[in-house]
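Chemist: One structure follows; several queries about it will come next.
The values are calculated or read from the model by the stated rules, or taken from the named source; none is laboratory data. Please read all numbers here as calculations on a predicted model, not as lab measurements. Because the Cβ atoms are built from the backbone with ideal geometry, glycine has one as well, and the counts that use them run over all protein chains shown. Heavy atoms of the whole protein, side chains included, go into the accessibility calculation; ligands, DNA and RNA do not. Shrake-Rupley method; radii C 1.70, N 1.55, O 1.52, S 1.80 Å.
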Amino acid sequence: MSACRCYVLIVGILGAVGAEWNTKDYMKREHSLIRPYQGSGMTIPYWDFMGSTLVTNNYIRLTPDIQSKQGAIWNTVPCNVRNWELQVHFKVHGKGRELFGDGFSIWYAKDRMEGGPVFGNKDYFEGLAIILDTYSNHNGPHNHQHPYISAMINNGSLHYDHDRDGTHTQLAGCEAKFRNFEHDTHIVVRYEGDTLTVSTDLENKAAWKECFIVKGIKLPTGYYFGISATTGDLSDNHDVISVRLFQLDLPGDPKDEEDRSKIVPSAAFFASPRDRIDDPPSAPLSGIKVFLLMLVGSVALIASVVMGIMFYQKRQEHSRKRLY
(Lines give C-alpha, C1' and ligand atoms only; values in the text may rest on other atoms or scores of the structure.)
Protein backbone atom coordinates (compact mmCIF):
# COMPACT_ATOMS: atom_id res chain seq x y z
CA MET A 1 0.00 0.00 0.00
CA SER A 2 2.82 2.32 0.96
CA ALA A 3 4.72 1.36 -2.19
CA CYS A 4 1.61 2.13 -4.27
CA ARG A 5 1.23 5.59 -2.70
CA CYS A 6 4.90 6.25 -3.28
CA TYR A 7 4.54 5.27 -6.92
CA VAL A 8 1.53 7.56 -7.38
CA LEU A 9 3.45 10.41 -5.73
CA ILE A 10 6.46 9.91 -8.02
CA VAL A 11 4.24 9.78 -11.11
CA GLY A 12 2.49 12.96 -10.00
CA ILE A 13 5.79 14.79 -9.49
CA LEU A 14 7.12 13.65 -12.84
CA GLY A 15 3.84 14.64 -14.48
CA ALA A 16 4.03 18.12 -12.94
CA VAL A 17 7.62 18.56 -14.06
CA GLY A 18 6.79 17.32 -17.54
CA ALA A 19 3.80 19.67 -17.71
CA GLU A 20 6.00 22.60 -16.74
CA TRP A 21 8.64 21.72 -19.31
CA ASN A 22 6.03 21.36 -22.04
CA THR A 23 4.34 24.68 -21.25
CA LYS A 24 5.03 27.06 -24.13
CA ASP A 25 3.41 30.12 -22.58
CA TYR A 26 2.13 31.44 -19.30
CA MET A 27 0.04 34.43 -18.30
CA LYS A 28 1.70 37.60 -17.03
CA ARG A 29 -0.62 39.02 -14.37
CA GLU A 30 0.98 42.46 -14.38
CA HIS A 31 -0.15 42.86 -18.01
CA SER A 32 -3.56 41.18 -17.62
CA LEU A 33 -6.98 42.44 -16.60
CA ILE A 34 -9.46 39.95 -15.16
CA ARG A 35 -12.59 40.24 -13.04
CA PRO A 36 -12.97 41.42 -10.34
CA TYR A 37 -11.27 44.57 -11.60
CA GLN A 38 -11.22 46.87 -8.57
CA GLY A 39 -8.44 46.99 -6.08
CA SER A 40 -8.56 49.33 -3.12
CA GLY A 41 -10.91 52.25 -3.74
CA MET A 42 -11.42 53.15 -7.42
CA THR A 43 -8.05 51.87 -8.64
CA ILE A 44 -7.41 48.88 -10.91
CA PRO A 45 -4.17 47.00 -10.17
CA TYR A 46 -1.61 47.64 -12.96
CA TRP A 47 -4.08 49.70 -15.03
CA ASP A 48 -5.08 53.35 -15.44
CA PHE A 49 -8.23 54.58 -17.14
CA MET A 50 -9.22 57.91 -18.67
CA GLY A 51 -11.98 59.79 -20.48
CA SER A 52 -15.47 58.33 -20.45
CA THR A 53 -14.31 54.92 -19.15
CA LEU A 54 -16.67 53.32 -16.64
CA VAL A 55 -15.62 50.36 -14.49
CA THR A 56 -18.41 47.94 -13.46
CA ASN A 57 -18.40 44.50 -11.87
CA ASN A 58 -18.80 42.72 -15.21
CA TYR A 59 -17.13 44.90 -17.82
CA ILE A 60 -15.12 48.07 -18.43
CA ARG A 61 -17.02 50.40 -20.76
CA LEU A 62 -14.66 52.64 -22.72
CA THR A 63 -17.48 54.61 -24.33
CA PRO A 64 -21.25 54.56 -23.85
CA ASP A 65 -23.62 54.57 -26.82
CA ILE A 66 -23.48 58.38 -26.88
CA GLN A 67 -21.99 60.75 -29.43
CA SER A 68 -18.55 62.36 -29.08
CA LYS A 69 -17.04 60.20 -26.32
CA GLN A 70 -13.50 58.90 -25.78
CA GLY A 71 -12.21 56.40 -23.27
CA ALA A 72 -9.13 54.26 -22.70
CA ILE A 73 -7.38 51.87 -20.33
CA TRP A 74 -3.58 51.60 -20.18
CA ASN A 75 -1.28 49.13 -18.51
CA THR A 76 1.06 50.83 -16.02
CA VAL A 77 3.89 48.28 -16.45
CA PRO A 78 6.10 48.32 -19.57
CA CYS A 79 6.25 44.98 -21.35
CA ASN A 80 9.74 43.48 -21.52
CA VAL A 81 8.58 40.19 -23.01
CA ARG A 82 10.15 39.39 -26.38
CA ASN A 83 7.42 37.08 -27.70
CA TRP A 84 3.86 37.48 -26.50
CA GLU A 85 0.20 36.79 -27.12
CA LEU A 86 -2.53 39.24 -26.09
CA GLN A 87 -6.08 37.91 -25.79
CA VAL A 88 -8.91 40.45 -25.48
CA HIS A 89 -12.48 39.53 -24.59
CA PHE A 90 -14.66 42.42 -25.78
CA LYS A 91 -18.17 43.43 -26.74
CA VAL A 92 -19.29 46.16 -29.16
CA HIS A 93 -23.00 46.86 -29.22
CA GLY A 94 -25.48 49.67 -29.63
CA LYS A 95 -28.84 50.82 -30.92
CA GLY A 96 -27.62 51.52 -34.45
CA ARG A 97 -28.54 48.92 -37.06
CA GLU A 98 -27.32 50.53 -40.28
CA LEU A 99 -25.12 53.37 -39.00
CA PHE A 100 -22.75 53.01 -36.04
CA GLY A 101 -19.23 53.93 -34.97
CA ASP A 102 -16.52 54.71 -34.55
CA GLY A 103 -14.58 51.74 -33.13
CA PHE A 104 -11.71 50.86 -30.83
CA SER A 105 -8.01 50.05 -31.01
CA ILE A 106 -5.60 47.76 -29.18
CA TRP A 107 -2.22 49.40 -28.62
CA TYR A 108 1.36 48.41 -27.98
CA ALA A 109 2.85 51.89 -27.85
CA LYS A 110 5.70 53.93 -26.41
CA ASP A 111 3.44 56.63 -24.92
CA ARG A 112 0.39 55.97 -22.77
CA MET A 113 -2.61 57.92 -21.46
CA GLU A 114 -2.57 60.48 -24.28
CA GLY A 115 -6.01 60.92 -25.82
CA GLY A 116 -6.33 61.91 -29.44
CA PRO A 117 -8.05 61.47 -32.80
CA VAL A 118 -6.98 57.88 -33.56
CA PHE A 119 -9.78 55.96 -31.86
CA GLY A 120 -9.15 57.77 -28.59
CA ASN A 121 -5.34 57.83 -28.77
CA LYS A 122 -2.70 60.24 -30.09
CA ASP A 123 -1.77 60.50 -33.76
CA TYR A 124 1.86 60.03 -34.88
CA PHE A 125 2.27 57.33 -32.22
CA GLU A 126 5.21 54.95 -31.93
CA GLY A 127 4.38 51.26 -31.89
CA LEU A 128 1.60 48.94 -33.03
CA ALA A 129 -2.13 49.58 -33.40
CA ILE A 130 -4.73 46.89 -34.05
CA ILE A 131 -7.77 48.87 -35.18
CA LEU A 132 -11.33 47.55 -35.04
CA ASP A 133 -13.13 50.10 -37.18
CA THR A 134 -16.94 50.02 -37.17
CA TYR A 135 -17.67 53.33 -38.90
CA SER A 136 -19.78 52.20 -41.85
CA ASN A 137 -20.13 55.56 -43.64
CA HIS A 138 -16.57 55.85 -44.91
CA ASN A 139 -15.00 57.92 -47.65
CA GLY A 140 -12.57 57.12 -50.41
CA PRO A 141 -11.99 53.98 -52.48
CA HIS A 142 -12.18 50.74 -50.50
CA ASN A 143 -12.64 47.12 -51.37
CA HIS A 144 -13.92 46.03 -47.96
CA GLN A 145 -16.98 46.31 -45.79
CA HIS A 146 -17.22 47.37 -42.15
CA PRO A 147 -16.61 46.43 -39.36
CA TYR A 148 -12.98 45.97 -40.36
CA ILE A 149 -9.82 44.94 -38.47
CA SER A 150 -6.44 46.31 -39.56
CA ALA A 151 -2.89 46.73 -38.25
CA MET A 152 -0.61 49.77 -38.40
CA ILE A 153 3.04 50.11 -37.45
CA ASN A 154 4.26 53.65 -36.78
CA ASN A 155 7.67 55.08 -35.94
CA GLY A 156 6.16 58.43 -34.96
CA SER A 157 6.22 59.96 -38.44
CA LEU A 158 2.96 58.68 -39.93
CA HIS A 159 -0.50 60.23 -39.83
CA TYR A 160 -3.56 58.01 -39.53
CA ASP A 161 -5.87 59.21 -42.30
CA HIS A 162 -9.49 58.84 -41.18
CA ASP A 163 -10.75 60.01 -44.58
CA ARG A 164 -9.20 56.87 -46.07
CA ASP A 165 -9.81 54.59 -43.06
CA GLY A 166 -6.02 54.27 -42.75
CA THR A 167 -5.83 52.13 -45.88
CA HIS A 168 -2.59 53.79 -47.05
CA THR A 169 -0.70 53.04 -43.83
CA GLN A 170 -2.11 49.66 -42.87
CA LEU A 171 -0.10 46.43 -42.96
CA ALA A 172 -3.05 44.11 -43.52
CA GLY A 173 -6.71 43.73 -42.64
CA CYS A 174 -9.85 41.64 -42.78
CA GLU A 175 -13.59 42.10 -42.53
CA ALA A 176 -15.02 40.98 -39.20
CA LYS A 177 -18.67 41.29 -38.16
CA PHE A 178 -18.23 41.62 -34.40
CA ARG A 179 -21.12 43.92 -33.41
CA ASN A 180 -24.28 43.16 -31.45
CA PHE A 181 -23.64 39.52 -30.60
CA GLU A 182 -25.26 37.97 -27.53
CA HIS A 183 -22.37 35.54 -27.12
CA ASP A 184 -18.74 36.28 -26.24
CA THR A 185 -16.37 37.77 -28.85
CA HIS A 186 -12.58 37.56 -28.68
CA ILE A 187 -9.52 38.78 -30.56
CA VAL A 188 -5.93 37.59 -30.15
CA VAL A 189 -2.80 39.48 -31.18
CA ARG A 190 0.25 37.23 -31.36
CA TYR A 191 3.80 38.57 -31.80
CA GLU A 192 6.26 35.73 -32.17
CA GLY A 193 9.62 35.64 -33.95
CA ASP A 194 9.00 39.03 -35.64
CA THR A 195 5.71 37.73 -37.04
CA LEU A 196 2.39 39.41 -36.25
CA THR A 197 -0.75 37.27 -36.34
CA VAL A 198 -4.25 38.50 -35.59
CA SER A 199 -7.10 36.03 -35.14
CA THR A 200 -10.66 36.17 -33.84
CA ASP A 201 -13.32 34.01 -32.25
CA LEU A 202 -16.57 35.75 -33.17
CA GLU A 203 -18.78 32.69 -33.52
CA ASN A 204 -18.42 31.38 -29.96
CA LYS A 205 -16.64 28.21 -31.14
CA ALA A 206 -13.66 28.43 -28.75
CA ALA A 207 -11.40 28.30 -31.82
CA TRP A 208 -9.31 31.02 -33.43
CA LYS A 209 -9.94 32.07 -37.04
CA GLU A 210 -6.99 33.80 -38.67
CA CYS A 211 -7.61 37.38 -39.78
CA PHE A 212 -4.15 38.12 -41.15
CA ILE A 213 -0.48 37.33 -40.67
CA VAL A 214 2.46 39.66 -41.42
CA LYS A 215 6.13 38.72 -41.21
CA GLY A 216 9.15 40.97 -40.75
CA ILE A 217 7.69 43.11 -37.94
CA LYS A 218 10.16 44.79 -35.57
CA LEU A 219 8.81 45.87 -32.19
CA PRO A 220 10.91 47.00 -29.23
CA THR A 221 10.45 45.86 -25.66
CA GLY A 222 9.47 48.35 -22.98
CA TYR A 223 6.26 49.65 -24.62
CA TYR A 224 2.78 49.70 -23.02
CA PHE A 225 -0.42 47.85 -23.79
CA GLY A 226 -3.63 49.83 -23.96
CA ILE A 227 -7.14 49.82 -25.42
CA SER A 228 -8.98 52.97 -26.47
CA ALA A 229 -12.30 53.74 -28.14
CA THR A 230 -14.17 56.70 -29.56
CA THR A 231 -17.57 57.76 -30.84
CA GLY A 232 -18.39 60.67 -33.14
CA ASP A 233 -21.64 61.55 -34.86
CA LEU A 234 -22.36 57.82 -34.58
CA SER A 235 -21.87 55.75 -31.45
CA ASP A 236 -21.64 52.33 -29.78
CA ASN A 237 -20.92 50.79 -26.41
CA HIS A 238 -17.30 49.60 -26.43
CA ASP A 239 -16.77 47.12 -23.58
CA VAL A 240 -13.66 45.25 -22.44
CA ILE A 241 -14.37 42.13 -20.37
CA SER A 242 -10.83 40.78 -19.96
CA VAL A 243 -7.24 41.14 -21.17
CA ARG A 244 -4.73 38.30 -20.89
CA LEU A 245 -1.07 38.60 -21.84
CA PHE A 246 0.91 35.37 -22.29
CA GLN A 247 4.66 35.14 -22.54
CA LEU A 248 5.62 32.75 -25.32
CA ASP A 249 8.52 30.40 -24.81
CA LEU A 250 10.58 29.69 -27.92
CA PRO A 251 13.30 27.21 -26.93
CA GLY A 252 16.56 27.74 -28.77
CA ASP A 253 15.58 31.13 -30.21
CA PRO A 254 18.91 32.99 -30.69
CA LYS A 255 17.11 36.34 -30.48
CA ASP A 256 16.12 35.73 -26.86
CA GLU A 257 19.33 37.39 -25.70
CA GLU A 258 18.99 40.35 -28.09
CA ASP A 259 18.48 43.82 -26.60
CA ARG A 260 15.22 44.98 -28.17
CA SER A 261 14.71 48.12 -26.09
CA LYS A 262 16.26 50.55 -28.60
CA ILE A 263 14.95 49.31 -31.94
CA VAL A 264 12.53 51.41 -34.00
CA PRO A 265 9.08 49.96 -34.84
CA SER A 266 9.07 48.88 -38.48
CA ALA A 267 7.79 46.37 -41.00
CA ALA A 268 9.82 44.68 -43.75
CA PHE A 269 7.72 45.91 -46.69
CA PHE A 270 6.71 49.17 -45.08
CA ALA A 271 7.86 52.33 -46.91
CA SER A 272 7.80 55.16 -44.39
CA PRO A 273 6.32 57.64 -44.96
CA ARG A 274 3.96 56.63 -47.71
CA ASP A 275 2.42 59.36 -49.84
CA ARG A 276 -1.29 59.86 -49.58
CA ILE A 277 -3.06 58.72 -52.73
CA ASP A 278 -5.98 60.91 -53.71
CA ASP A 279 -9.15 59.50 -55.18
CA PRO A 280 -8.78 58.76 -58.91
CA PRO A 281 -10.32 61.32 -61.28
CA SER A 282 -13.75 60.60 -62.66
CA ALA A 283 -13.78 58.44 -65.76
CA PRO A 284 -14.32 60.39 -69.02
CA LEU A 285 -17.80 60.26 -70.51
CA SER A 286 -18.35 57.75 -73.29
CA GLY A 287 -19.36 58.85 -76.81
CA ILE A 288 -22.96 57.75 -76.30
CA LYS A 289 -23.26 59.72 -73.06
CA VAL A 290 -21.82 62.83 -74.73
CA PHE A 291 -24.28 62.46 -77.64
CA LEU A 292 -27.24 62.08 -75.28
CA LEU A 293 -26.20 65.11 -73.25
CA MET A 294 -25.83 67.20 -76.42
CA LEU A 295 -29.22 65.97 -77.67
CA VAL A 296 -30.96 66.87 -74.41
CA GLY A 297 -29.24 70.26 -74.42
CA SER A 298 -30.29 70.93 -78.03
CA VAL A 299 -33.92 69.98 -77.34
CA ALA A 300 -33.98 72.23 -74.29
CA LEU A 301 -32.50 75.10 -76.32
CA ILE A 302 -35.01 74.68 -79.15
CA ALA A 303 -37.88 74.51 -76.67
CA SER A 304 -36.68 77.72 -75.03
CA VAL A 305 -36.46 79.50 -78.41
CA VAL A 306 -39.95 78.34 -79.46
CA MET A 307 -41.47 79.44 -76.14
CA GLY A 308 -39.70 82.80 -76.47
CA ILE A 309 -41.10 83.32 -80.01
CA MET A 310 -44.63 82.38 -78.89
CA PHE A 311 -44.41 84.75 -75.94
CA TYR A 312 -43.18 87.55 -78.24
CA GLN A 313 -46.01 86.98 -80.75
CA LYS A 314 -48.64 87.12 -78.00
CA ARG A 315 -47.18 90.38 -76.74
CA GLN A 316 -47.37 91.81 -80.27
CA GLU A 317 -51.02 90.76 -80.74
CA HIS A 318 -51.93 92.26 -77.37
CA SER A 319 -50.26 95.55 -78.36
CA ARG A 320 -52.23 95.73 -81.67
CA LYS A 321 -55.57 95.20 -79.89
CA ARG A 322 -54.85 98.09 -77.55
CA LEU A 323 -54.07 100.39 -80.51
CA TYR A 324 -57.42 99.63 -82.19
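Chemist: With a Förster radius of 22 Å, plug the Cβ-Cβ distance of Asp163 and Ser68 into 1/(1 + (r/R0)^6) and report the FRET value to the nearest 0.05. List each step's numbers first, then the result.
Modeler: Working: r = 19 Å, r/R0 = 0.84.
Approximately 0.75, to the nearest 0.05.
Chemist: What percentage of the solvent-accessible surface of the stretch 147-189, computed with a 1.4 Å probe over protein heavy atoms, is contributed by carbon and sulfur atoms?
Modeler: Working: 660 of 1460 Å².
Answer for the stretch 147-189 is 46 percent, counting heavy atoms of protein chains only.
Chemist: With a 1.4 Å probe and all protein chains kept in place, how do Cys174, Cys79 rank by accessible area, largest first?
Modeler: Numbers: Cys174 25, Cys79 0 Å².
Final ranking, largest accessible area leading: Cys174, Cys79.
Chemist: Would you mind getting the accessible area per residue of the stretch 102-226, heavy atoms of the protein chains only, 1.4 Å probe, in Å²? Walk me through the numbers before you get to the answer.
Modeler: Working: 4720 Å² over 125 residues.
On a per-residue basis, 38 Å².
Chemist: If packing is taken as the average count of other Cβ atoms within 10 Å, what order do 298-308, 59-69 fall into, highest mean first?
Modeler: Working: 298-308: 10.0, 59-69: 19.5.
Going from most to least packed, we get 59-69, 298-308.
Chemist: Continuing with this model, one more query. Below 8 Å between Cα atoms, with a sequence gap of 6+, how large is the relative contact order for the stretch 93-233 in percent? Kindly include the intermediate steps, with their values, before the conclusion.
Modeler: Details: 296 pairs, mean separation 39.2, N = 141.
Once divided by the residue count of the stretch 93-233, the mean separation gives 28 percent.
Chemist: Taking a threshold of 27 Å on the Cα-Cα distance, which of the pairs Lys177/Lys218; Lys95/Lys215; Lys28/Lys209 fall above it? Intermediate results must be reported in sequence, preceding the final value.
Modeler: Numbers: Lys177/Lys218 29 Å; Lys95/Lys215 38 Å; Lys28/Lys209 24 Å.
Where the Cα-Cα span goes over 27 Å, the pairs concerned are Lys177/Lys218; Lys95/Lys215.
Chemist: At a probe radius of 1.4 Å, what is the per-residue accessible area of Glu85, in Å² to the nearest 10?
Modeler: Probe radius 1.4 Å; accessible area of Glu85 about 20 Å².
Chemist: Could you please put Met27, Met152 in sequence from largest to smallest accessible area, using a 1.4 Å probe?
Modeler: Met27, Met152
Chemist: Moving on to the next point. Take the Cβ-Cβ distance between Asp48 and Tyr26 as r, set R0 to 35 Å, and report the resulting FRET efficiency rounded to the nearest 0.05. Intermediate results must be reported in sequence, preceding the final value.
Modeler: Details: r = 25 Å, r/R0 = 0.70.
The value I calculate is 0.90.
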